Amino acid sequence: MIDKLRSIAVFAAVVDQGSFRAAALTLGLAPSRVSEVVSQLEKDLGVTLLYRSTRQLSLTNEGRRLKDAADDMLGAVETGLDAISPLSGEPSGALKVTVPAFVTQTELMDDFARFASTYPKVELDFHFSDRPSDVIRDGFDVAIRAGWLDDSDLMVRTIGHVDRFLVASPQYFDAMPTPTDPSDLEDWQWIRFVMRTDQTEMTSKDGQVVKVLGKSSVSVNSASALYEFSVRGLGLTAIPEHLACRGFDRGELIHVLPEWTMSPLGLHAIWPNQSRRENLTTLFVRFLAGKAQNS
């Protein structure tokens, strides 16, 4: 039975990693050994679990059913280990986290590094992408989200915020009529971020709120792409403070209507209500939230 459980765990790793070679690296085994284990498991069960091609693997119906059962099995093991982890006096285990790519250039990276230094026995697996992942389907323990969250059954805690500036290249700004009010920007070209609403809300120093839509022919799914297209003169955009300041320092961007402000992007940690690594997840989230409160 122990050998069968070990084989199922290897099979689950192959599915999670997407290839025998990637699973072998994760497990510290030779790719040939991983392939052998999965093939033997299929022989023992009398079914095909994976369709193999030179480029990808895909699950059969039987493979999907076994993978679901394997996730439940491994989740129960991890929950049991987490339950006794506090008794050992030092947190340990693995934590898989998805984070927006632009965060790599913010102070939140310092918090991640401090957590890693404070809890060296915790294995942190960070995935940086501006495209949101499905926390449960993709097997993440925690997701960091920026902006405004949709309603969901996931647990949520705010861990900070990122200010935004409205920017354009000097060349584009000079080619347009000088704006005095956000409504003057309706005829400007806007570079959109696909995960945000098209309408932009701005607030004056005396509390006046103006919403502007503007025109758009370019949309992207990356904060870095917003920066790169704006410095190339394609139009106006709203970007995180650290990117805007880089553009100001280099003379590539100017702050448009600096007397008006935009609502900051909230930074939130979200995780499943019944996390398979509940103790580590809450430890990580509380650490980040505590740093945000003290900053």
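Applying the criterion of being out of contact with any helix residue (DSSP H, G or I) (no Cβ under 6 Å at 6 or more places or on another chain) and among the hydrophobic types (A, V, I, L, M, F, W, C) to the residues of segment 175-192, the residue that is surrounded by the fewest Cβ atoms within 10 Å (Cβ to Cβ) is A175.
What residue, of F128, F165, F173, is modelled with pLDDT of 90 or more and more than 24 Å from G251 (Cβ to Cβ)? Result of the check over F128, F165, F173: F128.
For every residue, the table says whether it meets (1) in contact with a His (Cβ under 6 Å, 6 or more places away or on another chain); (2) assigned to a strand (DSSP E or B); (3) over 30 Å from L154 (Cβ atoms); (4) modelled with pLDDT of 95 or more.
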residue: V210; (1), (2), (3), (4): no, yes, yes, no
residue: F229; (1), (2), (3), (4): no, no, yes, yes
residue: G233; (1), (2), (3), (4): no, no, yes, yes
residue: L243; (1), (2), (3), (4): no, no, no, no
residue: D249; (1), (2), (3), (4): no, no, yes, yes
residue: I270; (1), (2), (3), (4): no, yes, no, no
residue: S275; (1), (2), (3), (4): no, no, no, no
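Going through (1) over 19 Å from the mean Cα position of the chain (by Cα); (2) closer than 30 Å to T178 by Cα one by one, G290 falls short only on (2). When we screen D184, D153, D174, D111 for residues that are over 15 Å from the mean Cα position of the chain (by Cα), assigned to a helix (DSSP H, G or I) and not assigned by TED's automatic domain parsing to the domain that holds G247, the only hit is D111. Only one of the numbered conditions (1) assigned to a strand (DSSP E or B); (2) at pLDDT below 85 is violated by G75, and that is (1). Identify the residue in segment 198-208 that is part of a strand (DSSP E or B) and loosely packed, with under 15 Cβ neighbours inside 10 Å and, among all such residues, is farthest from the chain's Cα centre (by Cα). This residue is T203. Taken across segment 93-103, residues that are out of contact with any Ser or Thr (no Cβ under 8 Å at 6 or more places or on another chain), part of a strand (DSSP E or B) and exposed (fewer than 15 other Cβ atoms within 10 Å of the Cβ) do occur, with at least one present.
Of the residues making up segment 57-65, one or more are small (G, A, S) and surrounded by 13 or more Cβ atoms within 10 Å (Cβ to Cβ).
For segment 156-171, name all the residues that are out of contact with any Ser or Thr (no Cβ under 8 Å at 6 or more places or on another chain) and not β-branched (V, I, T). Of everything in segment 156-171, those that are out of contact with any Ser or Thr (no Cβ under 8 Å at 6 or more places or on another chain) and not β-branched (V, I, T) turn out to be R157, H161, D163, F165, P170, Q171.
Scanning segment 78-92 for residues that are surrounded by fewer than 13 Cβ atoms within 10 Å (Cβ to Cβ) and modelled with pLDDT of 65 or more turns up G80, E90. The helices (runs of 4 or more DSSP H) falling completely within segment 1-67 that include 1 or more residues that are closer than 21 Å to D134 by Cβ map to 2-17, 20-27. When I144, I136 are checked against the criterion of being crowded, with 18+ Cβ neighbours inside 10 Å and either under 24 Å from the mean Cα position of the chain (by Cα) or at pLDDT 85 or above (or both), I144 stands alone in meeting it.
The values are calculated or read from the model by the stated rules, or taken from the named source; none is laboratory data. Note that the structure is predicted; figures quoted are calculated from it, not measured. Positions of Cβ are generated from backbone atoms using ideal geometry, with glycine treated the same way; all protein chains shown enter the neighbour counts.
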